[in-house]
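Chemist: A single structure is presented below for examination.
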Number of protein chains: 2
Amino acid sequence: MALGNVLLVALLHKEATGYEITREFDSTLGHFWQASHQQVYRELGKLESEGLVAYRDIKQEGRPDKKRYRLTANGRRALKAWLQEPPATRRVNDELLVKILGGEIVGAEMLQAHIAAKRIEQEHRLELFQGIEREYYKGSKLEDLSTEMRLLYLTLRKGIFVAQAFVDWAREAESLLRRGRIV
Amino acid sequence: MALGNVLLVALLHKEATGYEITREFDSTLGHFWQASHQQVYRELGKLESEGLVAYRDIKQEGRPDKKRYRLTANGRRALKAWLQEPPATRRVNDELLVKILGGEIVGAEMLQAHIAAKRIEQEHRLELFQGIEREYYKGSKLEDLSTEMRLLYLTLRKGIFVAQAFVDWAREAESLLRRGRIV
DNA sequence: TCACAATATGCAATAGGTTGCATAAGGAGG
DNA sequence: CCTCCTTATGCAACCTATTGCATATTGTGA
């Protein structure tokens, strides 16, 4: 049910088509949750059959028709109930750590390469997040921003803290491996 | 295929039964990867049919018989190939962040409660990790430990960095919410 | 001109994970 | 004594996610 509720959150402030929500999963929303367009369309259909969302057909010329979805009163109620439940803990699945544990049979250089690749990924995320922080939050006071922007600030800060921690760890780990202290 | 390879890593240093591996998923290995006993048994059967592991039947009195699995030469080769592939990036699915984004309809107190619950969870993890670090690593030099213990040290350090970052973020977020700066 | 990206939706098959249930014997605690 | 936990394995049904494919048109770049 999690994905369904994420779609309800996406429809909280504005109506949208499945295509638009899918694109949001590639941008801001994608830092919290990811889903393919097939998942989005299937789940919107399910939500519609449960009466949690409704859609209007939009005829278009030269482009495919589309369905503009909106939250129903029932949808809002269901979302509120879900938001009040404590967030489920996700199963841990950290492929990098498993590969480190198998480091004996691939050697230090391979581990360094794997860790460095992830570090660079996180460094890019970090720069992106810090750029957003500078552009949208450093100039103005929180109270001058919309509630949505203030909530996004909390999530942005989480991204910064966690990405920075990963980068710090990776540097330490790479240094230990480089100096032959591990394998 | 990821789970199968995790099982191969678990069998790298010692033979084990499905039951024993399942218990490891509740302890050390569980910090990297989690799987249910049903998953473990099913996957071991699959690995066996592919010739990557083999088992010996162990008859027991007063207890159920068991199957002691070990890695085959083919299994070790397959594992090595997998360890050399760059770790796959996992889909982002952060329910807490989604719930924060929906904070407008549940209010600041509810968000604080959700964040505090996760923070306490991470504080416990952090204490556990720091305890392990003190007990196993602070007293002796890395070079006096086994390779496996040294590799585990890298993963332990990751746990510490990331858990600490989460706790730091959560304190900041809780403080902002408490002071009514967000919702 | 030809191929490809963007817009817009979706079905079908497969893979992977969760939940519920089953079996069976011994030991611990109330 | 009765129930629950531990040991030890596994099947079956279900839910969720991934991958591949399909359709149709307009605009863009090589």
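The values are calculated or read from the model by the stated rules, or taken from the named source; none is laboratory data. Predicted model only: the values in this text are computed from it and were never measured. Virtual Cβ from ideal backbone geometry, glycine too; neighbours counted across all protein chains shown. Please note that ligands, DNA and RNA were not included when accessible areas were found on the heavy atoms of the full protein model with its side chains. Shrake-Rupley method; radii C 1.70, N 1.55, O 1.52, S 1.80 Å.
Chemist: How many nm is it between the label spots at B:Glu127 and B:Leu12, if each spot is 7 Å from the Cα in line with the beta carbon?
Modeler: If labels sit at B:Glu127 and B:Leu12, their model points lie 3.2 nm apart.
Chemist: Interface size between chain B and chain A, please: total buried accessible area, 1.4 Å probe, rounded to the nearest 100 Å².
Modeler: Summing both chains' loss of accessible area gives about 7200 Å².
Chemist: Taking the solvent-accessible surface of protein heavy atoms with a 1.4 Å probe, what is the per residue accessible area of region B:2-84 in Å²?
Modeler: Using a 1.4 Å probe on heavy atoms only, each residue of region B:2-84 averages 55 Å².
Chemist: A further question follows. What are the distances, in nm and sorted shortest first, from the label point of B:Glu143 to the label points of the same position in each other copy, with each label point placed 7 Å from Cα along the Cα-to-Cβ direction?
Modeler: 6.0
Chemist: Counting helices only, and only those DSSP H runs with n ≥ 4, report the 222 nm mean residue ellipticity of the protein assembly as shown as the sum of -39,500 (n - 2.57) divided by its residues, in deg cm²/dmol to the nearest 500.
Modeler: Numbers: 14 runs with 210 residues, N = 366.
Calculated from helices alone, the mean residue ellipticity at 222 nm is -19000 deg cm²/dmol.
Chemist: Under a plain spin-label model, where a point goes 7 Å from the Cα along Cα-to-Cβ, how far apart in nm are A:Arg178 and B:Ser140?
Modeler: Taking the two extended label points, one gets 2.8 nm.
Chemist: So which of B:Lys46/B:Lys67; A:Lys99/B:Lys158; A:Lys141/B:Lys158; A:Lys99/B:Lys99; A:Lys158/B:Lys138 end up more than 25 Å apart, counting from Cα to Cα? Before the final figure, lay out each step's value.
Modeler: Working: B:Lys46/B:Lys67 14 Å; A:Lys99/B:Lys158 14 Å; A:Lys141/B:Lys158 34 Å; A:Lys99/B:Lys99 32 Å; A:Lys158/B:Lys138 30 Å.
The pairs that break the limit, which is 25 Å between Cα atoms, are A:Lys141/B:Lys158; A:Lys99/B:Lys99; A:Lys158/B:Lys138.
Chemist: Ok, one more. Taking each residue of B:160-167 in turn, how many C-beta atoms of other protein chains fall within 10 Å of its C-beta, and what is the average?
Modeler: The shielding value for this peptide is 5.
Chemist: Seen from all sides and averaged, what is the projected area of the convex hull of the Cα atoms in region B:95-178, in nm²?
Modeler: Values: hull surface 24.6 nm².
It is 6.2 nm².
Chemist: What FRET efficiency do you get for A:Ile120 and B:Ala54 if R0 is 56 Å and r is their Cβ-Cβ distance, rounded to the nearest 0.05?
Modeler: Between A:Ile120 and B:Ala54 the formula returns 0.90.
Chemist: Rounded to the nearest 10 Å², what accessible area does A:His124 have for a 1.4 Å probe in the complete protein model?
Modeler: Ignoring ligands and nucleic acids, A:His124 comes out at about 110 Å².
Chemist: Taking just the alpha-carbon atoms of region A:30-127, what radius of gyration and Dmax come out, in angstrom?
Modeler: Rg, Dmax (Cα atoms, Å): 21.6, 61.
Chemist: Still on this structure: Name the nearest-to-axis residue of chain B, judged by Cβ distance to the rotation axis taking chain B onto chain A, and quote that distance in whole Å.
Modeler: Residue nearest the B-to-A axis, with distance in whole Å: B:Ala165, 2.
Chemist: Any idea what the alpha-carbon Rg over 2.2 N^0.38 Å comes to for the protein assembly as shown?
Modeler: 1.14
Chemist: Mind checking the angle between helix A:37-49 and chain A's longest principal axis? C-alpha axes, 0 to 90 degrees, to the nearest 10.
Modeler: Around 40 degrees separate the two axes.
Chemist: Residue by residue through B:79-90, how many Cβ atoms from other chains fall within 10 Å of the Cβ on average?
Modeler: Mean shielding count: 6.
Chemist: Quick check on region A:2-84: what does the Kirkwood estimate of hydrodynamic radius come out to from the alpha carbon pairs, in Å? Provide the component values of the computation, followed by the final result.
Modeler: On the way: mean 1/r = 0.0775 Å⁻¹.
This gives a value of 12.9 Å.
Chemist: Give the nm distances, rounded to one decimal, from B:Ala81 to the matching residue in every other copy, measuring between label points 7 Å along Cα toward the beta carbon; shortest first.
Modeler: 4.9
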